[in-house]
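Take a look at the structure below.
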Ligand SMILES: [Fe+2]
C-alpha cells in the first residue's frame, strides 16, 4: 500500500496497536532540565479494508504521550474514542463522511450529513484536562495520564466548532481560539477560555464561506488571513461533493486580513493580494503595524492536491510555502512582505511559546534544500528573523521530521534557551525516532535520539507540559 519511489510514504501507514512502554534505545542523553510530557496528535488510522482514506485529514485522531523523566523516555499512544473511530472499527469500513471521505451509497447516503469529528489535529492542556482538537467540531476531553477519552466538551452548548490552533496569552494564561460555522451565512466566532470559563467574542459574518485553519494573537488583536479558498456549502450539504471537493481556489479574490479586537468591538478587514496559509509562527504589534510570520503558499492548488494524494504524492517543491513576514501598516492598510532563505517546502513554523503575541527573534520550521524538487521535508531550520541568518539540521537522506516543538529550559534567559523535540520517521529503520536538538546550536549532533519500536504515522501538532504523566 505504499510506493517504493517515495520512501516517506511508509510514514503514513496506520498504527493499529496502542502501546505503553519505556523506550529502551536512547542515543545520547535527555538533559536533566527537560522533564515533563509531550503530547502529539495526528491521524493514526489512514485506511480501512485495505484502502487509503481519500484525504490525509480523514484519518482517526491518535494521541501520543512522550514522558521525559529521570529514567529516560516513556511512550504511550491511544486513539481518541470518537463516534467515528468506534463505528468504523466495529464496521470495518467507512461509516461516516469526513474531510474527503464519503459514505458508500451515493447522494442519498451523504446528503445532509456533516463530517464526523475525527479529533486528529492537535492537543492542548487546559487545567488538568487534555483537550484533543479538530477544527470542525468541539474538543474531546482526555485523561492526560491514561489517554482515556472522557467526553466531548461543547462548553455548555456555546461551541460548535473549536479550531485546532488555540493561542495561549503568556501574560494572562487565557487561551484564545475560534470556530467557523458554515450555515446559511458563514460566521467566524472568536473564543476566550480563561480558568475554565469560555466566553464568546462577537461573531463575524464573513462575506463568503472560506476555510481557515489558524490565526495570530497579538497584544490587541486576533488576526486572521482568509485566503480565497472558498467553500460551496450547498454542494457539500446535498451530498454532491465532499467537504474537500466543495473547496475551490478563487484567484480573483483578495486575501482578507481580519483584525478582531481582543477587547471586543468591530472587526476591521484589510484586503491583500491572494495567498494561502495553514500556519503562522507568531505575530506582534510594532510601530503602528501588525507583523505576522507565516508559511505562505501562492495558492491552494499544489498543497491541496498533495494533501489528497498524501501517501502517493510526489510532494512537489514548486508551489509550496515560503516562510514570509508580512508587515501590515494599521494607518494605511499597506501590506509589505519579505521571505527568508529557508529553502523549499516550508511548513509548521513555530516559536518559543513564551513569545506568543510578542516580538520574537527566532522561528523554527520544516523545510527542504533550495534545490529540492520534491519529497517530504528532511530538514528543520532555525531562522534569525532580525539578521536573516538560517541554520539547518538535516535528517537526510532517510529521515523525515514532523513539526518541531520548542521546550524552554526552566530558568533560561535567552529566547532560544531550550530543546527542539521532533518526531522523525526513519525510512531505513521503518520506525520513528524522538529527537532532541539544542535550539541554541541546531546544526549540532542531537542531544538525544530515542528509538521507538515502530512507525508512528506522521502527526500534525503537539503540546508540552512540565507535568509528568
Ligand atoms: Fe495545523
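Just so you know, all these numbers are worked out from the coordinates, no wet-lab data involved. Please read these numbers as outputs of a predicted model, since none were measured by experiment. Heads up, the Cβs are rebuilt from the backbone with ideal geometry, glycines too, and the neighbour counts pull from every protein chain shown.
In the frame of its principal axes, the stretch 127-239 has Cα extents of 42, 36, 21 Å, reported largest first. Placing R0 at 22 angstrom, the Cβ-Cβ distance between residue 361 and residue 172 gives a FRET efficiency of 0.45 after rounding to 0.05. This ranking places 231, 337, 172 by how few other beta-carbon atoms lie within 10 Å of each, fewest first, which gives 172, 337, 231.
Remark: 376, 125, 413, 320 ranked as 413, 125, 320, 376, counting other beta-carbon atoms within 10 Å and listing the fewest first. When 121, 146 are sorted by how many other C-beta atoms sit within 10 angstrom of their C-beta, beginning with the fewest, the order is 146, 121. For a test of the definition: using alpha carbon positions, the gyration tensor, and the 1.5 limit on a/c, classify the stretch 36-178 as rounded, prolate or oblate. Judged from the Cα gyration tensor, the stretch 36-178 comes out oblate (a/c at least 1.5, b/c at or above a/b). Note on residue 443 and residue 219: their simple-model spin labels are 3.6 nm apart, each label 7 Å out from Cα toward Cβ. If the viscosity is 0.692 mPa s and the temperature 37 °C, what translational diffusion coefficient in µm²/s does Stokes-Einstein give for the stretch 1-78 when Rh comes from Kirkwood over Cα pairs? Using the Kirkwood radius from Cα pairs, D works out to 227 µm²/s. Can you give the convex hull volume of the alpha carbon atoms of the chain per residue, in Å³? So the per-residue Cα hull volume is 137 Å³. Can you grab the distance from the C-alpha centre of the stretch 183-250 to the C-alpha centre of the stretch 276-333, Å, no decimals? Taking the Cα centre of each part, the stretch 183-250 and the stretch 276-333 sit 17 Å apart.
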